[in-house]
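Trainee: Below: one structure in structure tokens.
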Amino acid sequence: MIASFLPDFSDTGAGIRSVEVFGEESSVTTWAEALDAIAEAIYSRNPDFIEMVTEDEYLSRFIRQDAGVFYNSAEILDTGYFIDTGTNTNSKRRLIAALGSTFNLAHDDIKAELTAKKTTDEEDE
């Protein structure tokens, strides 16, 4: 299943196989890897990325220079800024949607190939 993230995406229980940002696809195995790949792609296209993130009340809670404030994080390229990857999947999706909104991305600029949701029968096995 291919899903677009903007303005918001919710398919509870789905895993992720790959993410496509601005037409470039990356293989990922976790939502944390997807979040990092998306942030790095947006950073690469926006010279004012750091300024916009630090001035945004919501985004500045999840992207900071001090990795120690997060349980888990990933550095955005070699910027010295870290994105919080220690949140639950829904929080990561909200953060992706917020990045898309802040940087005025089109609905299909960020896409993901998702794995199938586990059915109740599969979860019981």
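The values are calculated or read from the model by the stated rules, or taken from the named source; none is laboratory data. Computed from a prediction, not measured in an experiment: that's the story for all the values here. Glycine also receives a Cβ, built like all others from the backbone with ideal geometry; neighbour counts cover every protein chain displayed.
Trainee: Just checking, does the stretch 2-12 include any residue being on the phi > 0 side of the Ramachandran plot, modelled with pLDDT under 95, in a loop (DSSP other than H, G, I, E, B) and not aromatic (F, W, Y)?
Mentor: Scanning the stretch 2-12 turns up no residue that is on the phi > 0 side of the Ramachandran plot, modelled with pLDDT under 95, in a loop (DSSP other than H, G, I, E, B) and not aromatic (F, W, Y).
Trainee: Which residues, counting only those in the stretch 36-89, are farther than 17 Å from F103 by Cα, touching a residue at least 12 places away in the same chain (Cβ under 8 Å) and in a loop (DSSP other than H, G, I, E, B)?
Mentor: The answer is Q65, D66, F70, Y71, N72, L77, T79, G80, Y81, T85, G86, T87.
Trainee: If I filter the stretch 88-120 down to residues being under 11 Å from the mean Cα position of the chain (by Cα), surrounded by 13 or more Cβ atoms within 10 Å (Cβ to Cβ) and of a type in the set (S, T, N, Q), which single residue comes out as farthest from R17 (Cα to Cα)?
Mentor: Residue satisfying both the conditions and the ranking: S91.
Trainee: Of all the residues that make up the stretch 33-57, how many are under 13 Å from L77 (Cα atoms) and either in contact with a Leu (Cβ under 9 Å, 6 or more places away or on another chain) or at pLDDT below 95 (or both)?
Mentor: Within the stretch 33-57, residues that are under 13 Å from L77 (Cα atoms) and either in contact with a Leu (Cβ under 9 Å, 6 or more places away or on another chain) or at pLDDT below 95 (or both) number 7.
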